[in-house]
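Visitor: Here it is, the structure in full.
Every read-out reported here was derived from the displayed coordinates using simple, explicitly stated rules and does not represent laboratory data. In this text the structure is predicted, and so the values were computed from the model without any measurement. Backbone-built Cβ (ideal geometry, glycine too); neighbour counts: all protein chains shown.
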Amino acid sequence: MNPARIIAVLSIAATCVLALPASAATLDRLRAFVKGTQTARTTFTQTVVDRNGRLVQRASGEFLIARPGKFRWAVEKPYRQLVVGDGERVWIYDEDLNQVVVRKVGEALGGTPAALLAGRDDVERAFAWTEASSAGGFDWLVATPRAQDATFSEIRLGFAGGELAALDLLDAFGQRTEIRFGAMVPNPQFPPETFRFAPPRGADVIGDR
């Protein structure tokens with residue numbers, strides 16, 4: 001799965017989900033989370049399974065956000081990969097390949113649930129939002145894209161207390177990505193360079209710089 005899409009969807013609750021229709025109880029929880037969290041740091045584990053339940057991938061690392069629109073997703077195991085959103089571009093660095101893919105935010109994220117990252121005005125029209133039954137220790141909010149050619153068929157955000165604790169993505173081929181967050185540190189201070197990226201010397205850079 002394209003890591004830029006994953007990171008963008010991870011940023012839903014940290015950016016503009018405040019404006020999305022849902023039940024009052026869920027919406028109040030989201031409002032409190034968004035209002036109280038301008039920056040955040042957390043760890044994650046990510047598991048990908050195919051439509052038959054077979055394990056495709058397992059990874060772990062650290063996720064940082066700074067509203068609006070900046071993030072840093074660092075995969076540490078079983079390989080090293082870095083995705084940085086600086087508010088204008090998304091940089092994807094594969095250390096093993098020494099390759100960088102860079103795209104403008106609108107090009108990289110538009111046309112997918114990732115559009116939520118940019119806080120576009122048409123977000124409410126693009127997705128149908130419903131509250132699902134609590135399960136697995138989480139209270140779930142489900143987003144279903146209205147476009148027939150959407151990359152994802154369903155996005156599920158799981159909350160535990162007032163925190164975003166889980167994110168499940170189901171793509172059009174039946175592949176499911178399950179992301180679980182560790183304890184979230186709210187509002188840490190990050191140095192400015194945290195959400196900047198400079199391609200390493202000698203790296204192959206592909207895309208719009």
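Visitor: Around Y93, what is the net charge, scoring Lys/Arg as +1 and Asp/Glu as -1 over all other residues with Cβ under 12 Å from its Cβ? Mind showing how you got there, number by number?
Guide: Numbers: positive: R72, R80; negative: D94, E95, D96, D204.
Charge balance near Y93 sits at -2.
Visitor: For the range 142-209, just the Cα set please: Rg and Dmax, both in angstrom.
Guide: 17.4, 46
Visitor: Let me check I've understood the local charge: for A135, count other residues with C-beta under 15 angstrom from its C-beta, Lys and Arg +1, Asp and Glu -1. What total comes out? Walk me through the numbers before you get to the answer.
Guide: Working: positive: R156, R176, R180; negative: E131, D139, E154, D168, E178.
Charge balance near A135 sits at -2.
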